[in-house]
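Working notes for the structure below.
What follows is calculated from the coordinates using simple rules that are stated; it is not laboratory data. Computed from a predicted structure; not experimentally measured. Virtual Cβ from ideal backbone geometry, glycine too; neighbours counted across all protein chains shown.
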Amino acid sequence: MEITRQLRKDKVNKQGYAPIQLTVCWAHKRVREATGERTKPEWWDAELQCVASVKGSYYADINARLNTLKSAVEKAQQAAENEGVRLTEEQVRQIIQQARNPTLPAPEPAPQPDAQPEFWRLLRQWITEYGKKVHPSTFRPISPKTLAGLEATRARLEQFAERQGAVPTLAGMDQDFYHAFRVYVVEELGQELNTFGKHIRRLKAFLLWCEEQDLPVNRRYRKFTAPSLYVGVDALTEQEVRRLQHLDFTAPDVRARLQLLRGGPAKQGRQQLAFEEWVQQIELARDKLLVCVYTGLRISDAEQLSWHHIHGEVIKIQSGKNAEMCYIPYYEDSLFHLPSMAAKYEHRTGLGNDLLLPHCPHLNERLAVLQQLAGITRLHLTSKLGRKTFVTLKLYQGVPTRLVMQATGHKTEESFNRYVGVDTIKLVQEYMRKSPGSHAA
């Protein structure tokens with residue numbers, strides 16, 4: 001559960017005070033509720049999400065009441081977890097309102113769960129405990145995406161049990177169960193073999209945890225195989241990268257096309273100014289994507305890329321995901337133009353800011369426009385393509401896998417290979433170039 005506070009600057013009253021809002025996110029649910037507190041925007045500390053220590057702001061009283069609301073929700077969530085149930089959105093609203101006004105009747109207690117079979121109870125307990133872990137290298141909490149995957153496997157197992165008319169047991173984890181589950185997922189549901197493999201990996205992790213709790217688990221589960229087939233990944237081809245590079249945002253034809261994508265010619269005055277700013281944002285989105293192509297960085301790391309990361313002809317930057325150090329080439333060749341890109345923005349990132357490129361909000365939204373502008377229809381243009389394109393094109397340039405992995409921060413070739421795409425045009429060119437008697441250029 002994540003609880004945050006925001007100042008609603010869009011609702012400042014005539015006295016200059018804005019309401020403070022509480023936002024609660026949990027289990028793919030979200031509730032926004034008024035706290036009943038107000039303060040002036042200049043007194044609000046957005047980073048600490050509280051009223052700053054300013055004379056006349058009544059910060060001590062307001063912050064104490066805000067903390068009381070947060071504490072009330074956290075205690076209710078902990079009680080629900082102990083009972084093995086989930087809070088509803090209405091219950092969370094009632095908890096906040098009752099904490100604001102203790103004279104209100106207490107919220108209805110969460111419904112007690114029916115007696116759950118041991119397998120489901122243990123599986124939910126394991127997921128809850130797993131969510132409290134931290135990454136062994138970065139000491140960061142488990143990502144919501146990972147927890148969502150565990151919940152997806154739990155839901156799929158429950159659906160399978162309903163289909164079979166029998167609840168799984170720890171003793172029943174044998175090849176018969178494995179075969180029946182594979183038939184259900186792959187043949188009946190028509191899902192990919194890799195999806196089935198993900199479910200099996202999570203199931204085996206759960207069963208290993210059960211063994212560590214000294215529970216009677218059928219040891220045959222250890223022979224469950226989790227298939228993982230390489231299905232290729234989307235990556236930009238060299239020609240598509242050059243098409244993006246050659247877009248000239250000052251060219252009349254490009255600007256005319258942008259005006260159509262924007263919704264018609266912009267009139268003079270503010271509308272024209274808004275159009276110019278929008279064009280700059282589209283160009284920045286293009287350049288930010290190309291930075292990912294040139295470096296292989298995830299967009300989260302590319303947004304932090306600064307001049308102090310550059311050491312001669314090498315970029316040294318720590319990956320935010322696994323804390324691995326990435327060593328990335330920083331020089332010009334016929335396709336990768338990072339130094340030129342950096343020089344373009346060298347004096348545009350703001351005073352006291354050494355970022356190579358400014359931050360680019362709403363990136364994927366801008367990339368959707370860029371995709372139409374560039375006429376790329378083969379794939380969906382997102383920031384994730386940059387990293388995959390870097391890996392694919394560097395390998396086609398003949399750079400050894402191990403060196404490319406040093407740039408991307410991958411520890412194993414198995415995880416690295418998931419980022420390797422196939423440029424069929426380049427593939428044929430390379431075969432022809434190395435074939436005896438070929439007439440390829």
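Quote the FRET efficiency, to the nearest 0.05, computed for ASP333 versus ARG30 with a Förster distance R0 of 45 Å and r equal to the Cβ-Cβ distance.
Details: r = 46 Å, r/R0 = 1.03.
FRET efficiency, ASP333 to ARG30: 0.45.
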Requested in this report: Could you tell me which helices of the chain pass both thresholds, a Cα extent of 27 Å or more along their own axis and a mean Kyte-Doolittle hydropathy of at least -0.5, with helices taken as whole DSSP H runs?
Outcome: 193-212, 270-295
Requested in this report: Mind telling me which of TYR58, TYR294, TYR331 comes out most flexible in a GNM of the chain, alpha-carbon contacts under 10 Å?
Outcome: TYR58
**Report entry** Segment VAL314-LEU208, extension gain: residue separation times 0.36 nm, minus the distance between their alpha carbons
**Finding:** 33.9 nm
Requested in this report: Would you mind getting me the FRET efficiency between TYR130 and ALA60? Use the beta-carbon distance for r and R0 = 41 Å, nearest 0.05.
Outcome: 0.60
**Report entry** Residues of type aspartates and glutamates that LYS394 reaches as a straight line, Cα spacing below 14 Å, ignoring anything fewer than 8 places off in the same chain
**Finding:** GLU238, GLU332, ASP333, ASP423, GLU430
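Could you give the length gained by full extension between SER306 and GLU324, i.e. 0.36 nm per residue of separation minus their alpha carbon distance, to one decimal place?
4.8 nm
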Query raised in the report: Between LEU147 and GLU346, what FRET efficiency comes out of the Förster formula 1/(1 + (r/R0)^6) with R0 = 45 Å and r the beta carbon distance, rounded to 0.05?
Result: 0.65
Report summary line: Here the range 241-386 gives, from Cα atoms, an Rg and Dmax in Å of 16.0, 50
Report summary line: Filtered hits (lysines, Cα-Cα < 21 Å from LYS223, offset >= 8 within chain) -> LYS198, LYS204
Report summary line: Excluding near-sequence neighbours (fewer than 8 apart on one chain), the range 2-100 holds lysine pairs with C-alpha atoms under 16 Å apart numbering 4
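Taking the mean number of other Cβ atoms within 10 Å as a proxy for protection, how do you rank 155-163, 87-95, 208-216 from highest to lowest?
87-95, 155-163, 208-216
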Requested in this report: Quick one: plug the Kirkwood hydrodynamic radius of the range 118-223 (C-alpha pairs) into Stokes-Einstein at 25 °C, 0.890 mPa s, and report D in µm²/s.
Outcome: 169
**Report entry** Theoretical gain in end-to-end length, PHE249 to ASP10 [0.36 nm per residue, Cα-Cα removed]
**Finding:** 82.6 nm
Report task. Could you give log10 I(q)/I(0) at q = 0.20 Å⁻¹ for the range 2-100, computed by the Debye formula over C-alpha point scatterers of equal weight, without solvent? Result -> -0.96
Query - Computed over the chain, the ratio Rg/Rh where both radii use C-alpha atoms and Rh is Kirkwood - result: 1.02
